[in-house]
Structure formats: C-alpha cells, structure tokens
Amino acid sequence: MTLVDQNDIDAIWQSIGMAEHKHEDDVVKITVSGNRVLGAHLLPGVEVDADEKPDGVAVNFRILDEAFIAKPIQLCFGVMPETGMQHIELNLNIGENSRASVVAHCTFPNAVDVVHRMDAVINVGRGACYSYFERHVHGPAGGVTVVPKAKIHLGADARFKTEFELIKGRVGVMDIDYEAECEAGSVIELIARIIGAGDDRVKINETAHLRGERSRAFLQSYLALKHDAFAEVYNTVTAHADGAKGHVDCKEIVQGRAVARAVPIVDVRHPGAHVTHEAAIGSVDSKQLQTLLARGLDEEAATDLIIEGMLG
C-alpha cells in the first residue's frame, strides 16, 4: 500500500462530516481515494491487504475467528475530482463466531462524470454476526454512476445485515445487484433507502436463497422519487428448506413525473417453508401532509419530513 499526504485523508473525512473521528486510535479505519490507499489503521483481530490498480483497488479484508471488534470499522471510498473511475474489488471474510460491524462512506461531492463500481465477495462464517452500513454522499449534479455488486455466503447460524443509504445529493445512476446463499439457521437482512430526483435512475436487484433449515431473509427497499426520476426494484426470496422463512417489503413514494416499479418474487420449494411479500407505491400521505401544513410548514418542507420519516 502506498500511503500519501495526510491532507488528502483530511479532505476525504471532511467531505463526509467525519473529520472528528479520523484520529481515533481504537477504531479500524481504511481510506481510499480513486486508486490510492491513503491510509489504514488496524487493530488485533483485523487483517487487510490492499493492492492499487490503474482504476481502483483490490482489498482483502479479514475478521479472524472468535474476534470481537467493539467499535464500527470505518471504510471510506471516494473520488474528489469532477471526473474519474473507481473500481473496488472487495473480498470480505468474517471468521467463525466473530462479531464486527462496518460503516462504509462513499463520497463523490463534486462529481460530473464519475463511475464507482464495487464487486464484493462476502463470506460470513459459522456463528458470526456481521453488519455493513454503506452511506453515500453525492453532489447536486447527479453525475455519478454507482454499480455495487455482491455475492454473499452465510454459514450455519450466521447473521448478516447490510444497509444502503443515499438520501443526500443526486443519485445519478444506481444499479444494485446482491445475491446471498444462506445455510441452516442463518439470518440475512438487505435494506436500501434511496431518494431520487431530476432524471436519476435506480435499479435494485436483490436475491436471497434460503438453502438451510430455519434460515431467514428480510429484504426491504424504501425509495422516494420526484421530478423525472425512475426506479425499478426486484426483490426475490427462494426458500428450499424446512422452516425457512422470508419477507419482502418494498415501499416507494412518487411525486411529479417520477415512475416506480416494484416486483417482489416469492419462490417456495419446500412445504415447510413460508415467505411473504408486501409492495406499496403511492404519493405522500395526505393526512400527514395536512397535519404538517396546519403546523406551519410549507408543502416542500412537510413532504421532505414525511419522506425522512419513511426512510428513517
């Protein structure tokens, strides 16, 4: 890994509003800008290898067996210039019976023509508990194309929760594609919260295969769209084993000329499995809106507050 000037690290952390945390010694931190690894601070139980490539980085990230990482691991990926390409190859291995959480900050505050791709392979070992919260910070121009893809495997009795959030700045183009294989007794939660405006384009394709007995999956997508934004969501749960349970939930609010599509797919292949789904697309609740207007908020502020409540 080639480490560069501390000022570059400061600029990245400042852009995500986390400048006060960058010097904490009891937190694992990795910072990547473009194809440069700007810094890495590790603790016992965590191992990281990173290789810089012409258009990004390849990161091998390991949580050792039985490790307990008390504070969330902080990852920061960004492209600060107006144009650029960043391709992150992320290989995550979560050891057996370990406990860890990650907060990943992806920042593109000045983007006019930026492409960010992430190809992740995530293995969560037997009995491990792991969460991954990915928060995006985009600028007002919508000049970002974000393509995160992940192949996920959960060992027996493992728990994995991932949350994707983009509620500030323009989306640009978003294409999420996650697929998970779940062994006996494992639990997976896939959650997305996105606000789209202008001519933003959002596609979410998430699939969970419940292979093992008593495995469970919860797929939740919450989107708010306005102007000419467009979104389509495909959430799929396939249940192959006795006692497997799943639920798909998609809620979308549309305003103006925005268009939303939701396709929940329930695929049950064992008589002892049970999967449910719920999808709702509509406008802002009129009763909530009138209540907030009566309290002195204008329509735009009231609408934003209702949307924040839905996405919270």
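The values are calculated or read from the model by the stated rules, or taken from the named source; none is laboratory data. On a predicted model such as this, the values are computed, not experimentally measured, just so you know. Cβ placement follows ideal geometry from the backbone for every residue including glycine, while neighbour counts extend to all protein chains displayed.
Contact annotation: residue pairs with Cβ atoms under 7 Å, 6 or more positions apart or on different chains, pairing a residue in region 69-87 that is crowded, with 20+ Cβ neighbours inside 10 Å with a partner that is among the charged types (D, E, K, R) and not in a loop (DSSP other than H, G, I, E, B), are Ile69/Arg99; Gln74/Lys29.
For region 230-239, the criterion of being at pLDDT below 95 and not small (Gly, Ala, Ser) is satisfied by no residue at all.
Hey, any hits in region 26-36 for a residue that's touching a Pro at 6+ places or on another chain (Cβ under 8 Å) and either modelled with pLDDT of 85 or more or in a strand (DSSP E or B) (or both)? Yes, because at least one residue in region 26-36 is touching a Pro at 6+ places or on another chain (Cβ under 8 Å) and either modelled with pLDDT of 85 or more or in a strand (DSSP E or B) (or both). Restricting the search to strands (runs of 3 or more DSSP E) fully inside region 119-170 and requiring at least 1 residues that are of a type in the set (Phe, Trp, Tyr) gives 129-138, 159-166.
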